[in-house]
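Student: This structure is in structure tokens; I'll ask about it shortly.
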Amino acid sequence: MDIMSLPVWKRGLKFMRKSVLALLLLLVLVLGCTACSKSETAIEVSEPIIMGTGYFGDYVLLLRLYEGKYESDYSIGPGFGPNWTGEYELVVMESGSDTVLSRYQLTEWNENLCFQESFDLQVTDLNSDGCMEVLIGQYGASNFNLYKMYYIDADLQIGYYSQIGELTISSQDLSPALEVSGDKVVYSVYDNARGEMVTGEIDITALYLQEY
């Protein structure tokens, strides 16, 4: 029967039934997506987990999660997937040895760090003074990450370049290699106001440890 031949009240009733069914279907979809976005039960870390590794000379630098948890996040966003969250430390060891020569807890971030996979640490002597530098980053936004720079001195002690502070760099790497141009350490960062990449600079004299 043609629906237009039905009385107005019956046509209205059919329309209401279809609307209710559509709303119920939408509700099921929303609830289903909400359930999918929930994380699995977090697993507490019982022993150090290595998330970053970098080699320099006869030594290896490790980024380790020493207290925290692992969980998978199914919500849409930068945290989608596996997450290793908690308190991290940098550790220097002799290559091929299990002996820890020095360690440094990354407390400068004032929050738990989170990494989703292991990665390479780019350990480099940027100013040729015999001390090594390395960047550690965290997600910032779709076009940049936030970084802090650490050093390893001649005695293999690890420290933080507090006078350099936090760096905003447009890189997908969590430990990118930087370049030296003259007396500057340079990197690229996206300028939202200008809509283009610009060059950021660090005065290379800031890397000499006697200033700290």
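The values are calculated or read from the model by the stated rules, or taken from the named source; none is laboratory data. Small disclaimer: the values here were computed from a predicted structure and weren't measured. Reconstructed Cβ throughout: ideal geometry from the backbone, glycine too, with neighbour counts over all protein chains shown. Calculation scope for accessible area: heavy atoms of the full protein, side chains included, ligands and nucleic acids excluded. Shrake-Rupley method; radii C 1.70, N 1.55, O 1.52, S 1.80 Å.
Student: Can you tell me which residue in the stretch 158-167 is surrounded by the fewest Cβ atoms within 10 Å (Cβ to Cβ), limited to those that are assigned to a loop (DSSP other than H, G, I, E, B) and among the hydroxyl-bearing types (Ser, Thr, Tyr)? Walk me through how you get there before you give the answer.
Tutor: So in the stretch 158-167, the residues assigned to a loop (DSSP other than H, G, I, E, B) come out as 161-166.
After this cut, where a residue has to be among the hydroxyl-bearing types (Ser, Thr, Tyr) as well, the list is 161-162.
Numbers: Tyr161: 19, Ser162: 10.
Here the residue is Ser162.
Student: Give the stretch 168-212 a look and list any residue that's open to solvent by less than 70 Å² (accessible area, probe 1.4 Å), assigned to a strand (DSSP E or B) and more than 17 Å from Thr124 (Cα to Cα), or say none.
Tutor: Within the stretch 168-212, Thr168, Ile169, Ser188, Val189, Asp191, Val198, Gly200 meet the criteria.
Student: Restricting to the stretch 45-84, name every residue that is of a type in the set (Asp, Glu), modelled with pLDDT under 95 and under 30 Å from Gln157 (Cβ atoms). Write out each step before concluding.
Tutor: At the first step, the residues of the stretch 45-84 found to be of a type in the set (Asp, Glu) are 47, 58, 67, 71, 73.
From what is left, the residues that are modelled with pLDDT under 95 are 47, 71, 73.
Correct list: Glu47 only.
Student: If I ask for residues that are over 17 Å from Met93 (Cα atoms) and over 22 Å from the mean Cα position of the chain (by Cα), which ones from the stretch 115-137 would you list?
Tutor: First, the residues of the stretch 115-137 that are over 17 Å from Met93 (Cα atoms): 115-119, 125-130, 135-137.
Within the stretch 115-137, Asp125, Leu126, Asn127, Ser128, Asp129, Gly130 qualify.
Student: Looking only at the stretch 138-157, filter to residues that are open to solvent by less than 20 Å² (accessible area, probe 1.4 Å) and under 13 Å from Val189 (Cβ atoms); which one of those is farthest from the chain's Cα centre (by Cα)?
Tutor: Among those residues, the one meeting the criterion is Tyr147.
Student: Here is a further query. Take the stretch 86-108 and flag every residue that is within 23 Å of Leu207 (Cβ to Cβ) and either open to solvent by 20 Å² or more (accessible area, probe 1.4 Å) or part of a strand (DSSP E or B) (or both). Even if it seems obvious, please write down each step before you answer.
Tutor: Let us first name the residues in the stretch 86-108 that are within 23 Å of Leu207 (Cβ to Cβ), namely 88-92, 101-108.
Answer for the stretch 86-108, where residues must be within 23 Å of Leu207 (Cβ to Cβ) and either open to solvent by 20 Å² or more (accessible area, probe 1.4 Å) or part of a strand (DSSP E or B) (or both): Tyr88, Glu89, Leu90, Val91, Val92, Leu101, Ser102, Arg103, Tyr104, Gln105, Thr107, Glu108.
Student: Could you please find all residues in the stretch 44-58 being assigned to a strand (DSSP E or B) and open to solvent by less than 70 Å² (accessible area, probe 1.4 Å)? Lay out the reasoning, then the answer.
Tutor: Let us first name the residues in the stretch 44-58 that are assigned to a strand (DSSP E or B), namely 44, 49-56.
Passing the criteria: Ile49, Met51, Gly52, Thr53, Gly54, Phe56.
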